[in-house]
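Data block below; observations after.
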Amino acid sequence: METVIDDQAQGGGPRAQAARQVEELRADVDTIDAAIVAMLAERFRVTHRIGLLKAQAGFASADMHRESTQIAALRDKADDYGLDPDLAEAYLHLVADAAKRDHERLAGQTNSR
């Protein structure tokens, strides 16, 4: 079953009030999502610079010690905030894997010169 919140917000009564509150909270979620995307873009600008330095120095694209340390730190931080640590770890795997792919691409460009 699906409820279209926009339709519900137009009416009266407790369902309409709840629908309006959902709409307000969704606006907050949209703002947070936009901020997360902006922060991810900044994160990838920084990791791209790291990838360039690694490629120029001939370092491997992956640093498993760093990754495992970061996983533990983010799991702890997530727990502190009341967030599921598995979600924090999944996030880190997602962004770390994307950064490693970029680093490998940069290393390939550097090696082909």
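Structural remarks
- Residue 42 vs. criteria in contact with a Ser or Thr (Cβ under 6 Å, 6 or more places away or on another chain) and open to solvent by 40 Å² or more (accessible area, probe 1.4 Å): no
- Selected residue [open to solvent by 100 Å² or more (accessible area, probe 1.4 Å) and farther than 30 Å from residue 100 by Cα] from 7, 28: 7
- Number of the condition not met by residue 26 [criteria: (1) within 30 Å of residue 111 (Cα to Cα); (2) in a helix (DSSP H, G or I)]: (1)
- Unmet requirement for residue 67, which otherwise passes all of (1) open to solvent by less than 50 Å² (accessible area, probe 1.4 Å); (2) at positive phi: (2)
- Residue that is among the small types (Gly, Ala, Ser), open to solvent by less than 60 Å² (accessible area, probe 1.4 Å), farther than 29 Å from residue 104 by Cα and assigned to a helix (DSSP H, G or I), where the choices are 55, 19: 19
- Within segment 58-93, the set of residues being closer than 29 Å to residue 110 by Cβ and not in a helix (DSSP H, G or I) comprises 58, 59, 60, 61, 62, 63.
- Residue check for residue 104: of a type outside the set (Val, Ile, Thr), open to solvent by 100 Å² or more (accessible area, probe 1.4 Å) and in contact (Cβ under 8 Å) with a residue 24 or more places away in the chain: yes
- Residue match in segment 74-87 (condition: of a type in the set (A, V, I, L, M) and under 30 Å from residue 6 (Cα atoms)): yes
The values are calculated or read from the model by the stated rules, or taken from the named source; none is laboratory data. Since this is a predicted model, take the numbers as computed values, not measurements. Heads up, the Cβs are rebuilt from the backbone with ideal geometry, glycines too, and the neighbour counts pull from every protein chain shown. Only protein heavy atoms, including side chains, enter the accessible area calculation; ligands, DNA and RNA are left aside. Shrake-Rupley method; radii C 1.70, N 1.55, O 1.52, S 1.80 Å.
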